[in-house]
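**Q** This is the structure, below, for whatever I ask next.
The values are calculated or read from the model by the stated rules, or taken from the named source; none is laboratory data. Since the structure is predicted, the reported quantities are computational estimates derived from the model, not experimental observations. Neighbour counts are summed over all protein chains in view; Cβ atoms, including those assigned to glycine, are modelled from backbone coordinates with ideal geometry.
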Amino acid sequence: MFPLHDPLDETLRKELDAHDDLTAALLARRGVTSREDAERFLNPSYEEHLHDPLLMTDMEKAARRLADAIRSGERIAVWSDYDADGIPGAALLHDFLKKAGADFENYIPHRHLEGYGMNAEGITKLAESGVKLIVTVDSGITDPEPIKRAKELGVDVIVTDHHLPAERLPDAFAVVNPHAREDEPYPFRELCGAGVAWKLVVATLALEPSLREKIPEGWEKWLLDMVGLATIADMVPLVGENRVLASYGLLVMRKSPRLGLQKLCRGMRTEQRTISEDDVGFMIAPRVNAASRMGDARDAFRLFTTLDENEADALAKKLEKANRSRKAEAGAITRAVHARLKERELRSVIALGDPEWRPALLGLVAGTIADEYERPVFLWGREGSDRLKGSMRSGGTVHGLSLMRATIDTFEECGGHAAAGGFTVKNDAIFFLEDRLVDAHARLAKSEDDPLASHADAVLTIAEASSALLKKIERLAPFGIENPKPVFLLRGVIVRKVTRFGKSEEHLKVTIASPEGKESVEAVAFFAKGALARTADALAAGAEAHVLAHLERDTFARDNPVRLRLLDLKLL
């Protein structure tokens with residue numbers, strides 16, 4: 001049977017008595033335990049719930065230096081990462097500097113030729129072109145040597161980043177990063193890279209009143225489309241300030257005059273006026289990331305900054321094509337993994353690699369294999385820098401990051417969370433990678449009690465699966481890390497119809513009815529794999545089952561009816 005969350009204790013229920021039982025329980029499970037916190041969570045406010053950026057260490061120093069460079073006409077370079085956090089951050093700084101009349105350029109390193117972060121060659125080129133100030137976005141905190149080179153060339157560097165630092169901070173003019181220092185006074189540390197860059201814009205406008213001659217009061221809110229996109233795409237916790245930035249970011253995206261965003265939505269057949277966090281996470285972000293994975297990240301940057309409708313249309317189509325190529329290449333790697341697994345013993349952890357595999361594509365493949373084989377999967381390839389990099393997906397059987405950390409002397413670096421992560425393997429450890437992971441998995445499996453088991457938030461009847469309930473749930477959106485979609489348990493429902501759809505019939509649709517047969521609802525699962533796929537193969541009309549699902553709106557059907565997003569299903 002699927003487990004249920006424990007009910008609220010009486011004291012907490014009383015504290016949240018302004019809300020119905022379900023809402024109160026959902027709030028409490030997200031760490032919201034007071035009336036004030038509940039109000040802040042359910043009604044995020046731009047004016048009331050965003051912190052003063054000048055509270056962040058080095059922010060005032062950075063903002064004054066940037067303002068001086070704008071005012072004096074110094075050449076500025078924005079050095080950003082090439083992913084769906086760095087690209088939106090680069091776009092918002094581009095828009096701000098252009099509006100301010102600055103002399104600037106954007107520099108985005110090539111993923112395959114230059115790799116992540118700053119490099120001395122790129123900095124030397126910028127210095128030779130007359131750049132006197134570099135502002136990083138979503139990078140720089142682990143690049144002390146390139147920043148040292150910039151200083152030698154007489155170039156100041158302002159680091160804006162959100163990643164964890166190395167052993168020492170770079171000797172930059174300013175380091176603006178809420179994760180950089182243990183004694184950081186800024187009240188919220190979980191901003192994404194574009195969020196930190198936007199805070200620099202806000203601080204610069206606050207410290208340089210003369211900029212308001214060119215930039216109207218409140219104009220910076222229009223940049224929140226890029227902040228919201230990055231906040232959702234980069235999978236930072238959607239709590240605190242990030243909840244405000246994501247909420248307002250979605251509002252701005254729905255109204256954004258940005259031509260590239262409009263063309264991208266049109267190509268994806270997504271209504272811009274109803275963009276949701278799912279559209280960002282599953283549709284927009286993959287296309288932004290596809291630019292660097294399959295070609296040049298500057299295509300995505302230009303898409304978001306161009307004012308030419310024809311160029312926007314061409315770039316949106318180019319990203320669409322790159323995303324299709326990404327899927328095709330990932331499909332080829334998936335087939336290669338399947339072929340190799342058929343030739344060998346299947347162990348508790350799958351670890352495979354090939355120097356020809358692009359590391360940037362392996363997360364998608366690892367997720368597919370982990371779902372299918374229901375065990376952790378580690379796939380690696382060789383990056384342009386010759387490092388062996390890869391992606392991990394846990395398969396729901398063990399905490400993935402704990403597994404990597406328990407595998408001693410294997411990884412140069414690793415990061416992530418319970419279900420997914422990335423890693424760089426030491427060259428001399430690659431031949432023993434799977435053996436060490438299998439040993440670590442055996443140790444962890446004994447000590448963990450189904451760490452990724454899905455607990456239902458409430459029991460639901462089909463009659464209760466209504467628009468009214470969905471509206472209540474949507475008050476907690478946008479959903480994401482640390483604010484997951486509510487999970488419901490439907491007990492003893494009757495299967496009326498089972499159909500598969502998609503080019504390869506990879507998707508599943510099940511019509512389920514109440515035990516009395518009075519009400520029915522559709523439940524869908526996209527790319528049904530593993531245990532769910534096996535159960536689906538055994539389904540027949542008239543079967544009785546327990547169902548675990550999210551409640552959502554079918555945006556492709558007329559009148560957008562309520563449906564279930566199928567998570568798991570157990571036959572009775």
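**Q** Within region 95-118, track down each residue that is among the aliphatic types (A, V, I, L, M) and closer than 17 Å to GLY130 by Cβ.
**A** Initial filter on region 95-118 (among the aliphatic types (A, V, I, L, M)): 97, 100, 102, 108, 113, 118.
Hits for region 95-118 are LEU97, ALA102.
**Q** Follow-up question, since we're still on this one. Among PRO146, PRO187, PRO165, PRO109, which is assigned by TED's automatic domain parsing to the domain that holds GLY228, farther than 19 Å from ARG64 by Cβ and surrounded by fewer than 16 Cβ atoms within 10 Å (Cβ to Cβ)?
**A** Numbers: PRO146 fails: surrounded by fewer than 16 Cβ atoms within 10 Å (Cβ to Cβ); PRO165 fails: surrounded by fewer than 16 Cβ atoms within 10 Å (Cβ to Cβ); PRO109 fails: surrounded by fewer than 16 Cβ atoms within 10 Å (Cβ to Cβ).
Answer to the check: PRO187.
**Q** Still on this structure, I have one more. Please work out if GLU309 is surrounded by fewer than 18 Cβ atoms within 10 Å (Cβ to Cβ) and touching a Cys at 6+ places or on another chain (Cβ under 9 Å). Show your work before the answer.
**A** Working: surrounded by fewer than 18 Cβ atoms within 10 Å (Cβ to Cβ): yes; touching a Cys at 6+ places or on another chain (Cβ under 9 Å): no.
Considered against the rule, which asks whether it is surrounded by fewer than 18 Cβ atoms within 10 Å (Cβ to Cβ) and touching a Cys at 6+ places or on another chain (Cβ under 9 Å), GLU309 comes out as no.
**Q** Suppose the filter is of a type in the set (A, V, I, L, M), in a loop (DSSP other than H, G, I, E, B), assigned by TED's automatic domain parsing to the domain that holds GLU190 and free of Cβ contacts under 8 Å to residues at least 40 places away in the same chain; does ALA172 pass it? Quick ask: steps written out before the conclusion?
**A** Numbers: of a type in the set (A, V, I, L, M): yes; in a loop (DSSP other than H, G, I, E, B): yes; assigned by TED's automatic domain parsing to the domain that holds GLU190: yes; free of Cβ contacts under 8 Å to residues at least 40 places away in the same chain: yes.
Answer is yes for this residue.
**Q** When you scan region 352-361, do you find a residue that is under 23 Å from ALA440 (Cβ atoms) and assigned to a helix (DSSP H, G or I), even just one?
**A** yes
**Q** Restricting attention to region 1-29, report how many residues are part of a loop (DSSP other than H, G, I, E, B) and crowded, with 17+ Cβ neighbours inside 10 Å. Before you say what the answer is, go through the steps one by one.
**A** Here is the first cut: in region 1-29, the residues part of a loop (DSSP other than H, G, I, E, B) are 1-3, 5-9, 16-20, 29.
So of that shortlist, the ones also crowded, with 17+ Cβ neighbours inside 10 Å come out as 2, 8, 16, 19.
Residues meeting the conditions: 4.
**Q** For region 38-48, what are the residues that are surrounded by fewer than 16 Cβ atoms within 10 Å (Cβ to Cβ) and either in a helix (DSSP H, G or I) or of a type in the set (D, E, K, R) (or both)?
**A** The answer is GLU39, LEU42, TYR46, GLU47, GLU48.
**Q** Can you name every one of the strands (runs of 3 or more DSSP E) wholly within region 519-572 that holds 3 or more residues which are basic (Lys, Arg) and in contact with a strand residue (DSSP E or B) (Cβ under 9 Å, 6 or more places away or on another chain)?
**A** Values: elements: 520-525, 544-553, 562-571.
Strands (runs of 3 or more DSSP E) meeting the threshold: 562-571.
**Q** Another question, then. Mind listing whichever residues of region 322-337 are closer than 22 Å to ALA90 by Cβ and free of Cβ contacts under 8 Å to residues at least 40 places away in the same chain?
**A** At the first step, the residues of region 322-337 found to be closer than 22 Å to ALA90 by Cβ are 322-323, 326.
The answer is ALA322, ASN323.
**Q** Being modelled with pLDDT of 85 or more and polar (S, T, N, Q) is the filter here, so list the residues in region 375-413 that pass it.
**A** SER391, SER394, SER402, THR407, THR410
**Q** Just to verify a result, which residue in region 284-298, among those that are assigned to a helix (DSSP H, G or I) and of a type in the set (D, E, K, R), is nearest to ALA230 (Cα to Cα)? Full working, then the answer.
**A** Quick first cut of region 284-298, residues assigned to a helix (DSSP H, G or I) only: 284-294, 298.
This time we only want the ones that are of a type in the set (D, E, K, R), so: 287, 293, 298.
Details: ARG287: 13, ARG293: 17, ARG298: 16 Å.
Selected residue: ARG287.
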